[in-house]
Each structure stands twice: as C-alpha cells, then as structure tokens.
Amino acid sequence: MNEEKDLYKNLKPYLNCIDYTVSNESYEVMYNEQLDMLVTSPLPKDLHNYYKSDNYISHTDSKKSLIDKVYQTVKKYALGKKLKLINSFTSNSKNLLDIGAGTGDFLKVCQQDGWYVSGVEPSNDARKIADKKGIFLVDSIEKLSGKKFDVISLWHVLEHITNIHDYIKEIKNLLTDNGTLIIAVPNYKSYDANYYKEHWAAYDVPRHVWHFSKTSIHKIFNFHQMKVSKILPMKFDSYYVSLLSEKYKTGKMNPVKAFFIGLKSNMKAKAENNYSSLIFIIKKDKY
C-alpha cells in the first residue's frame, strides 16, 4: 500500500548499527525527514528468526545475568505504574488488550485487579510461560477481529511492526469509541541515544524496524484520525538501556557509568520531555 511505501521514500543515511543480540550483522539506520523518524534497512526476510535467542529477555523470565536481574527488577516496579495508568482510564466494562504481552505478567496483574484481559504474543515460548500463569494469549491480532476493548496497550511493540499502517488500522477497529490506546516506544532523540550513538541498545536492529520521535508518533497517528492526548516518561528505561549500551560499547557492564548516563539523560530530558522511552496516550479523533 502507498502509505507503507512512503515510509521508505527519500531516506538519508543516519548511522550504522550491529545486531548484538543474535547475528552480529550490520544494518543501516536511515532518516525519514518528513516524519522525523529512523528506519532500519534492509530488513531480513526471515525477521522472525532474529527473536530466537536466550538473550531476548522479554520472551523469558530469566534472572541469570546482571542485565536479566536489572530487567526483571525494573519490570516488576513498572507493572504497578502501568496498572495505575490504565486504572485512570477505567470504564464500566474494563476490557484490556495487551499486544506483545510477552510472558503475561502485565495482564496477570491487571486480571487480579478486576480487568477482563486479552493478549497477543507471537512467541510460542513466551505464550507457554504465560499459560502457566493462567494467562491465555493468541498469536496474532487477526484472531480478535470483531471484539472491542476499552484500553489497548503496546509496551515497546510498535517499533517491531513491519506493516505499521495496516496494523494501526486493525488496532483502531478493536478500540471502543471512547477507548484509550497506550503506545510506549524508545525515543531516539534522548540524551542516552545521542551519547551511545550506534551502540545505543534501544536501536536493537533488525528487530526494531522503526525508531520514533515525538513528531513521528503524532504524524503517523494523525494520518489515522487519532490524536496524542498526553506524553509520559519511562524514567527507568534510561538506566537499563545505558547498562546494556555500555556492554555493547566497551564489552563490560560498567554499572556506575551506566547509572550516571541514565541519570544525566533523565535530567536533560525534563525541559523537552525527551526521555529514553516515552508513553503516548492516544484517542480516536471524533472531529
């Protein structure tokens, strides 16, 4: 479709990144000036194979390494913050859909708080772990066709979606008229992104197809008659991303330096709300 092709038009070289998680292959990250967005190029045809790694932590509950332990600690803290956020959008039915649900922890917390939960997760291994927690996930959004949800969340998922415009159309059709869409994505305009450059862990090529700015999220959802109503920070992401970026850059964790860079990133982000990761609260445009 034309809008998908437009995302790849008039791209300019930005930087070159390595896949540190699976293949050690090199990918170009290109700049789309019209959208103020970066694009990973070229994408491998077998992109699904680049998720098959023990290092891809969102598909496991691993606590083996320091990175694993930091990730799981931050995730546990974030679950409470996420629940508080969706509870601020409560309606009578409290139907929640989480896309890219991983091992089901967020949905489990929401279910225990009275939400009717559904989830999408392509990874068979992650779905099996979620199933043991009593959370049944489907493998594709198409299997939810015809249903409606009051809140739909994508926590660090949109950057993975190749056919982004088609996917947003599907999400919009699943959202009630007064429903709320929550999108959390890395922000390539953050201080830690600029500091680590090609070693910034949140580029995560080729699994991250798109690299968003605030401008690009506004423009993409405006195209679908949806409006960003609020932007919130994910302050803990800068510390975790900096820890992983230090490993990519130097071969060592350097937790003290990573903490300093994460802290500095958060301090510099305050003026323009350019944190390492951002949460976008999006509603259907009724006008």
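Taking label points 7 Å from Cα along the Cα-to-Cβ direction, residue 18 and residue 195 give a separation of 2.1 nm. Placing pseudo-labels 7 Å out from each Cα toward the beta carbon at residue 10 and residue 140 gives an inter-label distance of 3.5 nm. Counting 0.36 nm for each residue step from residue 166 to residue 215 and taking away their Cα separation leaves a gain of 15.7 nm. Scaled against the 2.2 N^0.38 Å expected of a compact globular protein of N residues, the Cα radius of gyration of the stretch 139-219 reads 1.24.
Which of the three applies to the chain, rounded, prolate or oblate, going by the alpha-carbon gyration tensor with a ≥ b ≥ c and a/c under 1.5 meaning rounded? Rounded shape, in that the Cα axes give a/c under 1.5. The label-point distance for residue 176 and residue 74, in a model that sets each label 7 Å from Cα toward Cβ, rounds to 3.3 nm. Per residue, the chain reaches -10500 deg cm²/dmol at 222 nm when only DSSP H runs of four or more residues are counted, each adding -39500 (n - 2.57).
Oblate is the label for the stretch 98-181, because a/c, from the alpha-carbon gyration tensor with a ≥ b ≥ c as root eigenvalues, is 1.5 or above and a/b does not exceed b/c.
Among 183, 129, 231, sorting on how many other beta-carbon atoms sit within 10 Å of each Cβ, with the fewest leading, yields 231, 129, 183.
Considering only alpha-carbon pairs that sit under 8 angstrom and 6 or more positions apart, the relative contact order computed for the chain is 18 percent.
Of 36, 204, 6, 46, the sequence from fewest to most neighbouring Cβ atoms within 10 angstrom is 46, 6, 36, 204. How would you classify the stretch 161-287 from its alpha-carbon gyration tensor, with a ≥ b ≥ c the square roots of the eigenvalues: rounded for a/c under 1.5, else prolate if a/b is greater than b/c, otherwise oblate? Prolate shape, in that a/c is at least 1.5 and a/b is the bigger ratio.
All of the numbers you see were taken from the coordinates with simple rules; none came from a lab. Bear in mind the structure is a predicted one, so any value in this text is a computation, not a measurement. Virtual Cβ from ideal backbone geometry, glycine too; neighbours counted across all protein chains shown.
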